[in-house]
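Notes follow once the structure below has been shown.
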Amino acid sequence: MFTFLRRRMYTSLIPLIIVLFGVFFMARLTGDPTNLYLPVSATPDQRAEFAAAHGLDKPIWQQMFDYFSGVIHLDFGESLKTGQEAAGMALKAFPATLQLAFVTLLLSIIGSVIIGCWAAYRPNSLADRFSSLLSMTAASVPDFWFAITGIWVFAVVLGWLPTSGTGGVLAWVLPIATLMIRPLGVLTQVVRGAMVSALSAPYVKVARSKGAGDLRVVSHHALRNAAAPALTVAGDLAVGLINGAVVVEAIFGWPGIGKLMIDSILQRDFAVLQAAVLLTAVSIFILNIVIDAGLALLDPRVRDKATV
Amino acid sequence: MQIASLRSPRRRLSGALAVSAAAMLAVSGCSVANTTQGESASPDTLRIVLPQEPPTLEPCDASLTATGVVVRSNITEPLIERDPNSGDLQPKLASSWKQVEPNVWRFTTVSGVKFSNGATFDAEDAAFSIKRTFNGAIGCDVNGYVFDDSKTDVNVVDPNTVEVRTEKPDPILPLRLSFIEMVPRTTDADAKVREPIGTGPYMVDFWDSGQRIALKANPNYHGAAPQYSRAIYQWRAEGSVRAAMVTNDEADLATSLGPEDGAGDLGTAYVNNETTALRMQATDAPLDDIRVREAIDYSINRDGVVKALFQGLGKPAAELVGKGIVGYNDQLTPTPYDLGHAKKLIDEARADGVPVDRTIRLIGRTGQFPKINETIEAIQFSLSKIGLNVKIEMMDTSGQMQYQTRPFVPGSGPVLLMIMHGNQAGDTQFTLDQYMLSDGYQSTYGTAAYDKEIVAAEALTGEARQDALAKVLADEPTKIRQYAYIAHMEAVLAKSNKVDYQPNSATGDEMRLAEMTHATSQND
């Protein structure tokens, strides 16, 4: 097990390092922050002074060296916009994204298991059709459209929910509903497919012949075997949720890491962008390890194959 | 492997459920914000939603729209204010002012004014604030925008008198000074401040970076206390979300809306000071031929753009400044839409060897104004019909700014740049210096003769000034034609029925909270 995890950590570290290099260079492709932070009339001397004060006058390789040596010493630099520590800003924003992603994923799993099992157990039932609809919606409707439509219907027309913000439980509903569409649609299809296979497997027939009831067959026999593919997909979706809450956070004014990234890109706040991406990448790295460990626990073949 | 075998599925499931339940409780129990909707929905609190967070609240950067709308005349005040409706200058922290020599102006400061920290305001603070703005080390936006980095000497004559001496006579110095916000002499002169101290009706309560800014009434304010004791600014990028916040009673005011954002009856359209135009980079072929630039001007369907795309919110423009600005020329008429004439001009240029087939870049800024994408596409379509090869490039603000301000991107080729210019100051000089002088910060072309005409007009005062500036504007299309003017814009502001407020041309840059009162029906 530990060999398996160690090997997975090594392989996951490579994309993490690529991301770090990538974000460093791509952040700089957005342009020179001097144009944003100094007035249009700034003299060449003022521009040079600003660049020197923020290390932007150094060759790119030296900036990169400074950045990585700072990271090793847990110094992620300061925000150009606020002067605050970049790491502090990222750490402050991250819990908001985690909360949103966690609740979304949890509700998606619960919903997909219920709908997927029902759909698999009763093909062509209402649940089966609903799962197809969810799947199609997830594939075809952009988050942006769903968010705006949700605001219009539930906040403006019906007046049931706030349009945005973070105050109170009701403020969670629209962002979570928007974020849930894709994972719920995908997971429901996965659970349904896995359950259809599992319900037709010989061990289920054996269980039935021994007198097991429908609920017991689904929950104790079929669902356990259908859980592995669902967990794999859920893991990927969790990564996507942390990484992809950007649109939802921007529209709903949710002060999470996605919104911080967007703001940092627009403000060319390199240090904050780098800290936010690094934090997200590390979280995804840890999440991947946890998912792999979970899969290995559920299915011995996974770790056996990996440790051979 | 051993771990797995020791755990039964039942225990694993119940464990997972317990962890999930605990996590759910934890999540639902803690809010990501530090206040709730209820707290900010007090009747004495104004809730305002802006398109973006102010990058700074530094008073010397108040000429930045996003900063000025929160800071100016709310937290800090200038010596003199310009009435956005009449254009007249009115006393604020200066009770009077006069030109004592051709290049010297003297300002008398009012007595009995205190900053929000309790310190008394006097001429020393006024001098400090002016000098701080000119301090190149902190790079004040106002300095370049309003003063063009000109040399200025400031002296305190007595505790109530401050004198400003300029290199050359400056007939509009009081107007320029209306852009300098007064701060106490204890303010850091060598670094920008995050939470300014001022004499305005409000002071910063807290700034929760990324989420909101709260202001509260300044207990030391020298004027009548504002009706609303608090103001909370939030920001949402989507116009439809901002409008929905007002219709859903989550905000009292939402700014920078488009006609399609859904403010409905709560939306108020008003003329702002913005004008849209295409800036033609006349230094590169084929735009270096005035016939090509004229043809581009003739191929813009201004009426169609305003009617179909802006839903009537705007007026076709014939110049870069709007009504109410000193120098505005009310005799000018927009260039007519005439594709036939435009095509004829292009054909003539082609016959003379002008490379009219060369690709021209049409650069726009995403989200600069509602329907900008459609406007740019409509212009490209017209230009293709007259035989020009135009490629659209939409950029974010920072990308587009590299083409809008000096130093320009070298080797950029022929560029048509969509610009939107707002003259906040009320005098055409601020437009001409930036956009028309051949070396203006936002100008790509000009001639020595036209520069001379501009400088001569700017030295005048009174009626002569108005007439000369108006002539400069009238001459631009014939002598230079760097711009194809499109429209004088109108903005939409969504306002709750609970608030009385009349937006004006300056609202986008300076939204005075003290002018907002409880609606009459609310007081009954």
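Tabulated values for the structure
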| read-out | value |
| --- | --- |
| Solvent-accessible surface (1.4 angstrom probe) belonging to B:E458, in square angstrom, nearest 10 | 20 Å² |
| Value of D in µm² per second that Stokes-Einstein yields for the stretch B:391-524, Kirkwood Rh from Cα pairs, at 10 °C (1.306 mPa s) | 88 µm²/s |
| Given charges at Cβ of Lys, Arg, Asp, Glu: the stretch A:1-102 dipole, positive-most of A:G70, A:I14, A:L80 | A:I14 |
| Inter-chain Cβ neighbour average for residues A:153-165, partner chain, 10 Å | 5 |
| Inter-site label distance for A:A139 and B:D500 at 7 Å from Cα along Cβ, in nm | 5.9 nm |
| Spin-label model distance (nm) - B:F206 vs B:T359, 7 Å beyond Cα toward Cβ | 5.3 nm |
| Rg/Rh ratio calculated on Cα atoms of the stretch A:245-290 (Kirkwood radius) | 1.03 |
| Inter-centroid distance (Cα atoms) of the stretch B:326-342 relative to the stretch B:198-264, Å | 39 Å |
| Chain B: C-alpha pair distances exceeding 44 Å, % | 24 percent |
| Relative contact order computed over chain A (Cα-Cα under 8 Å; 6+ residues apart), in percent | 29 percent |
| Cβ-derived FRET efficiency at R0 41 Å, B:K385 paired with B:K323, nearest 0.05 | 0.80 |
| Efficiency of FRET from Cβ geometry, A:D75 and A:V169, R₀ 45 Å, rounded to 0.05 | 0.70 |
| Helix-only [θ]222 nm of chain B, DSSP H runs n ≥ 4, -39500 (n - 2.57) each, per residue, nearest 500 | -7500 deg cm²/dmol |
| Potential lengthening between B:L460 and B:S42 on full extension [0.36 nm per residue; Cα-Cα distance subtracted] | 145.4 nm |
| Over 22 Å (Cα to Cα) - which of B:K131/B:K216; B:K307/B:K371; B:K315/B:K371 fall in this group | B:K131/B:K216 |
| Value of D in µm² per second that Stokes-Einstein yields for the stretch B:242-296, Kirkwood Rh from Cα pairs, at 25 °C (0.890 mPa s) | 169 µm²/s |
| Dipole of the protein assembly as shown [Lys/Arg +1, Asp/Glu -1 at C-beta], most positive-end residue of A:A52, B:T375, A:A90 | A:A90 |
| Dimensionless Rg ratio for the stretch B:133-247, taking C-alpha atoms and the 2.2 N^0.38 Å reference | 1.37 |
| Net dipole in debye of the protein assembly as shown [+1 Lys, Arg Cβ; -1 Asp, Glu Cβ; about Cα centre; nearest 20] | 4840 debye |
| Principal-axis tilt of helix A:257-267 within chain A, Cα atoms, nearest 10 degrees | 30 degrees |
| Whole-number D in µm²/s for the stretch A:124-218 (Stokes-Einstein; Kirkwood sum over Cα pairs; 37 °C, 0.692 mPa s) | 207 µm²/s |
| Inter-chain shielding of A:256-268 (mean C-beta neighbours from other protein chains, 10 Å cut-off) | 2 |
| Sequence ranges B:360-369, B:78-87, B:159-168, B:423-432, ranked by mean other-Cβ count within 10 angstrom, highest first | B:423-432, B:360-369, B:78-87, B:159-168 |
| Förster radius 41 Å - calculated FRET efficiency between B:D83 and B:H341, Cβ distance, rounded to 0.05 | 0.45 |
| Solvent-accessible surface ranking, highest first, for B:K343, B:K323, B:K92 at 1.4 angstrom | B:K323, B:K343, B:K92 |
| Whichever aspartates and glutamates have a C-alpha closer than 20 Å to that of B:K114, once near sequence neighbours (fewer than 8 apart) are set aside | B:E58, B:E77, B:E81, B:D122, B:E124, B:D125, B:D158, B:E181, B:D188, B:E195, B:D205 |
| Cα-only radius of gyration and Dmax that characterise the protein assembly as shown, units Å | 30.9, 109 |
| Amide N proximity, the stretch B:477-508 versus B:D265 label position 7 Å along Cα-to-Cβ, cut-off under 11 Å | B:497 |
| Kirkwood estimate for the stretch A:1-84, i.e. one over the average of 1/r between Cα atoms, Å | 15.3 Å |
| Cα convex hull volume per residue for chain A (Å³) | 162 Å³ |
| Expected 222 nm ellipticity per residue - DSSP helices of 4 or more, -39500 (n - 2.57), all of chain A, to 500 | -25000 deg cm²/dmol |
| Averaged over B:186-195, number of beta-carbon atoms from partner chains that fall within 10 Å | 1 |
| Label-point separation in nm, A:V153 to A:F65, each point 7 Å along Cα→Cβ | 5.8 nm |
| Full-extension gain in nm, B:V157 to B:T478, via 0.36 nm per residue minus C-alpha separation | 110.7 nm |
| Extension gain from B:K98 to B:F408, taking 0.36 nm per residue of separation minus the Cα-Cα distance | 107.6 nm |
| Within the stretch A:1-160: Cβ-based charge dipole about Cα centre, in debye rounded to nearest 20 (Lys, Arg +1; Asp, Glu -1) | 760 debye |
| Among A:I181, A:I60, A:I291, residue whose mean-square fluctuation peaks in a GNM of chain A (springs only between Cα atoms under 10 Å) | A:I60 |
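The values are calculated or read from the model by the stated rules, or taken from the named source; none is laboratory data. This one's a predicted model, so the numbers in the text were calculated from it and none came from an experiment. Positions of Cβ are generated from backbone atoms using ideal geometry, with glycine treated the same way; all protein chains shown enter the neighbour counts. These accessible areas exclude ligands, DNA and RNA; they are computed on the full protein's heavy atoms, side chains included. Shrake-Rupley method; radii C 1.70, N 1.55, O 1.52, S 1.80 Å.
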